[in-house]
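Accompanying notes for the structure given below.
No value in this document is a laboratory result; all are computed from the given coordinates. Predicted model only: the values in this text are computed from it and were never measured. No Cβ is skipped: glycine too gets one built from the backbone with ideal geometry, and neighbour counts run over all protein chains shown.
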Amino acid sequence: MDLFSRTTNSKKMRNDLNSNRSLWGHQSSPDAIRLSQVHGLLEAIEKRDYTEILKLYYRSQHQHTLNPKKKPLDIHVYIHRNQLDIKWIPHVEYAIKAIDGVTPGVNLFETIERDKSMIRIGVDDLKEQTMACTIHGSVLDLIKDPSRAKPFIHLGGKWREDQMKGTSIHELMHALSFHHEMQRFDTDLYLDVDENLDHNFCKKTDYALTRFDPFSVMMYPESIHLKRKEDGDRIWEMKETRERCQELSELNKVALNLIYKPCVNKFKNYSPKLSIQTQMLYCGRKVMITHNQVGESTTDGNCGPNNWANCPACRVITRIKDDENKSTEIPKLTKCLGKGKWQGLSGLFYCGKKDLKLGKDLKYMKSDGICGPDTGVPCDNCGQELFKYYSIASCDNIFKPRN
């Protein structure tokens, strides 16, 4: 059965999406695609127009207003160190730091006071030692209903050590309200999934924060129950392994900042400013060391501070409020969106057009001759949006082998 034909199934998708009006339509909603965009999204899905789908998501990632009066959310994590296999400890500590470092809208940290915690990590006696799972919902559920049980992450002792880092991040993301990547409502476009296997493989209509992300730490490893569509989205060409990634992907970071709105955070030195050179927002922090893992990174690990790609936290901001509560747009962002461009997972602007120079002027980097749409070397015009002296040839020269 073709899920995306213009028949009963397509109508069901429309009804499902419209039934989530409170999620998809409310202006404070963190979901990337608004109800007003659902028609265009469904048309692109029905046509299997992967480029149009990703453009909708990328152009919708800029949602938040940076308000100097807002404060970050403190999320205390209690680790039952006496319960966990000692091998888990450094990976759990790393997961907390990894998520906290890229999400200025929260202060995520370990506490020694169990009663003050919002998340607990340990071993549940009712769960198998071969399991890792999160129970009792998420932090957002707890905020809505403080009387409910706190999220508890169970990490069994019988677990592959080389998977502990990714699993620690994965389960902590669950506790922060994130679902599996293969549970997207549009997963049939990208994966062949055996939804009868268990509940973790069943779709959740309300999950649509970013374009489909095979590099997400929330994606299960591929198996006979979970297979990529080889003739589908070309983003699969960038993923060589069929294993789950062990780090937050660039789009995981975007999704975190869509849910937990960035705000000025003195503890993290997060106080972004508009660059005089580009009129884009940068925080200047060294938070892009693992930036754009799936391509050739062209940053020095810093978000700006003057030009080039910005970090996911700065990327989701579309307006800035001053101390007098006056709101202004990000000039360069507004200008580029008006031209039909978008910021890909690399943080660079793309137009999606073919450019012969991407073949002729590139000697040390690979390109399919198209500007974007997710990552890679932009055309001259798009590259100059974030660095006025940019050219394809000069970018290529960065990767010239040195003697």
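Numbers at a glance
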{"read-out": "Electrostatic dipole magnitude of the chain [Cβ: Lys, Arg +1; Asp, Glu -1; Cα centre; debye, to 20]", "value": "1360 debye"}
{"read-out": "Loop-located GluC sites (Glu not before Pro) in the stretch 86-195 whose Cβ has at most 13 other Cβ within 10 Å (DSSP)", "value": "Glu113, Glu128"}
{"read-out": "Estimated distance in nm for a label pair at Asp74 and Glu43, the labels positioned 7 Å out from Cα along Cα-to-Cβ", "value": "5.0 nm"}
{"read-out": "Residue order, fewest to most surrounding Cβ atoms within 10 angstrom, among Tyr282, Tyr94", "value": "Tyr94, Tyr282"}
{"read-out": "GNM flexibility winner over the chain from Leu56, Leu197, Leu258 (Cα, springs under 10 Å)", "value": "Leu197"}
{"read-out": "Cβ-placed point charges (K, R +1; D, E -1), dipole of the stretch 227-358 about Cα centre in debye, nearest 20", "value": "260 debye"}
{"read-out": "Positive-end residue, the stretch 277-397 charge dipole about Cα centroid, Cβ charges, pick of Thr334, Tyr390, His291", "value": "Thr334"}
{"read-out": "Candidates Gly338, Gly232, Gly122, ranked by Gaussian network fluctuation over the chain, Cα under 10 Å, top entry", "value": "Gly338"}
{"read-out": "Cα-projected label distance for Asp194 with Asn269, points at 7 Å along beta-carbon direction, nm", "value": "5.0 nm"}
{"read-out": "Cα lying deepest toward the dipole's positive end in the stretch 43-166, options Ile99, Gln129, Ala149, charges on Cβ", "value": "Ile99"}
{"read-out": "Residue exposure sequence - Ser138, Ser327 - by fewest surrounding Cβ within 10 Å", "value": "Ser327, Ser138"}
{"read-out": "Selected from Ile169, Thr241, Leu42, residue furthest toward positive end of dipole (the chain; charges at beta carbon)", "value": "Leu42"}
{"read-out": "Geometric extent, Cα atoms of the stretch 268-388 - Rg, Dmax (angstrom)", "value": "14.7, 51"}
{"read-out": "Crossing angle, helix 50-59 versus the chain [Cα axis fit, 0-90 degrees, rounded to tens]", "value": "80 degrees"}
{"read-out": "Ranked Ser223, Ser297, criterion: other C-beta atoms within 10 Å, fewest first", "value": "Ser223, Ser297"}
{"read-out": "Highest-MSF residue in the chain out of Ile119, Ile276, Ile75 [GNM, Cα springs under 10 Å]", "value": "Ile276"}
